[in-house]
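Report on one structure; see the data block that follows.
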Amino acid sequence: MSTEKSGSFRDRIATVDASGKRKWIFAQKPKGKWYSARTYISWFFFILFFSLPFIYVQGRPLFLFDVTQARFIIFGKVFWPQDFFIFGLAMITFIVFIILFTAAFGRLFCGWVCPQTIFMEMFFRKIEYLIEGSAAEQRLQAKAPWTGKKLFKKTAKHTVFFLISFIIANTFLAYIIGIKELGKIITEPVHEHVGGLFSIVIFSGVFYAVYAFFREQACTVVCPYGRLQGVLLDRNSMIVAYDHKRGEPRSKFTKKETIDRGDCIDCFQCVKVCPTGIDIRNGTQMECVGCTACIDACDAIMEKINKPLGLIRYASENGIENREPLKYTGRMKLYTVLLSILLIILGFLLFTRKDVDATIMRTPGMLYQQRGADSISNLYNIKVANKTINSIPLQLKLEGVSGKIEIIGEHNSIAVKEEGQGAGTFFIVLPANIIHTRKLPLHIGLYNGHEKVDEISTNFLGPLAE
Ligand code: SF4
Ligand code: SF4
């Protein structure tokens, strides 16, 4: 519990004492409308998280983030290394969105959607309450000597924590390698999947360590988004804020009404429920993850003492100071324009993205070949990436010019497997009488049956000087 008084604000994070030792947070279980809403949202999130890897569309996962093969599937669409500029742009768009969102709504993401907060507060902490009892009981137990009962409770809690971490680790891995591959790791002989099993053990260990021991430190010490709050937030951003105008001067509750007393009765309920151990009455702090637990705790107190709710509420600093409503500032407008431009470009790139990507290059070191008395040929190499789930027998046709293409090999096409790469070599043969320049620009159409899937430009090297 924080004991900071105004005028003597701390110079260290709330979970570290003066000697630098970790202060364990025994957060009291919140109760109220915000906590209920967060519970419903987190259950929706859990269902989504644990079920998405099982969803397949046309034999392909709906989402896959296969970093090992640099292959991503998002809403059933495959993205290859060739698409990485789209991915890069999507990342930039996402970052701008985060900046805009944070400037406007503060740490709403941390409190309501971030997997760290949601798993910690809505899963692991609830299990802890179930096994070890309320925050007060946990605090007593921590101070008490080791007994059979304490050992049993601790063992039970850590066993359940590890099992859940193991399930989370498996699900997490399913997003990377797919549920089918994960099934093989689980069911096939150990020696065939040593790397996969190693990953599961490492992921399980990391999740267990984070939720059992590291906890809120992930938000206050490690998370880069948390550390950026200082530059992202301004006085107009929406935050979980204490209305000091209304609350101060705080004093212990008495039934006697006095005119110089604020609404805060200094009951510390808002501090007791805080999972990062801070006192929101000290103002906006880097450790606040916007979880709303203090809003619920304070509203319950206000109800009991017959005062209006919302002494702690969602508001901006200017809103509290000057009684102003939330504002759409110049900075937010600029971010919105930037975000709109990025979204338009991203949408265009996604919409015009081709299912087949090809590169054609004239074979290095070769000039041209004389073909009989009236034709000239050039030799080319082609590389093709097929992003569809069907294999393609790719045919090549010259566009807008007479001549022919001779693909070297058995068939007059280049076979490219589904979601695979293909390569081939071919001649372009042109009548000599149409070549009037040293480098003749050409267009080659790529066809899957009658469907034109792409068109590539190249040059044809002729014998004439420019
Ligand atoms: S819960 Fe409300 S009344 Fe109690 S200390 Fe916090 S702000 Fe003051
Ligand atoms: S100050 Fe309030 S909103 Fe912020 S982390 Fe603590 S309980 Fe959650």
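Structural remarks
- Relative contact order of the chain, defined on C-alpha pairs under 8 angstrom at six or more residues apart (%): 15
- Only protein heavy atoms count here; under a 1.4 Å probe, Trp34 has an accessible surface of about 70 Å².
- Peptides 203-212, 182-191, ordered by how many other C-beta atoms sit within 10 Å of their residues on average, highest first, read 203-212, 182-191.
- In sequence order, the stretch 388-396 has phi-based couplings of 8, 8, 10, 6, 10, x, 7, 10, 10 Hz under the Karplus curve 6.51 cos²θ - 1.76 cosθ + 1.60, θ = phi - 60°, and Gly or Pro positions carry x.
- Counted residue by residue at 0.36 nm each, then reduced by the alpha carbon distance between them, the extension gain from Lys149 to Ser391 reaches 80.8 nm.
- Chymotrypsin sites (Phe, Trp or Tyr not before Pro) restricted to the stretch 112-144 and DSSP loop, no more than 10 other C-beta within 10 Å: none
- Prolate/oblate/rounded label for the stretch 224-278 (Cα gyration tensor, a/c 1.5): oblate
- Size of the stretch 301-410 as Cα extents on the principal axes (Å, biggest first): 102, 32, 27
- Accessible area of the stretch 356-466 belonging to carbon and sulfur atoms, whole % at 1.4 Å probe: 52
- Charge sum, other residues only, whose C-beta stays under 12 Å from Ile131's C-beta, Lys/Arg counted +1 and Asp/Glu -1: +4
- Radius of gyration (Cα atoms) of the chain, expressed as a multiple of 2.2 N^0.38 Å: 1.40.
- Shape analysis of the stretch 147-258 places it in the oblate category; the axes a ≥ b ≥ c from the Cα gyration tensor give an a/c of at least 1.5, with a/b not above b/c.
- Charge dipole magnitude, Cβ of K and R +1, D and E -1 - the stretch 260-412, Cα centre, debye nearest 20: 540
- Applying the criteria of a DSSP loop state and at most 11 other Cβ atoms within 10 Å to the trypsin sites (Lys or Arg not before Pro) of the stretch 396-431 yields Lys417.
- The stretch 39-109 and the stretch 395-455 have Cα centres lying 37 Å from one another.
- Long-range amide H partners of Ile376 with built H, under 5 Å: Arg371, Leu430, Ala432
- Sorted peptide list for 48-59, 167-178, criterion being average Cβ within 10 angstrom, highest first: 167-178, 48-59
- Whether the stretch 99-213 is rounded, prolate or oblate, judged on the alpha carbon gyration tensor where a/c under 1.5 counts as rounded: oblate
- Span-like helix check, the chain: qualifying full DSSP H segments, with Cα axial length of 24 Å or more and mean Kyte-Doolittle of 1.6 or more, are 84-105, 330-351.
- Per residue, the accessible area of the stretch 181-300 comes to 46 Å² when a 1.4 Å probe rolls over the protein heavy atoms.
The values are calculated or read from the model by the stated rules, or taken from the named source; none is laboratory data. Note that this is a predicted model, so its numbers are computed, not measured. Positions of Cβ are generated from backbone atoms using ideal geometry, with glycine treated the same way; all protein chains shown enter the neighbour counts. We work out accessible area using only protein heavy atoms, side chains counted, and drop any ligands, DNA or RNA first. Shrake-Rupley method; radii C 1.70, N 1.55, O 1.52, S 1.80 Å.
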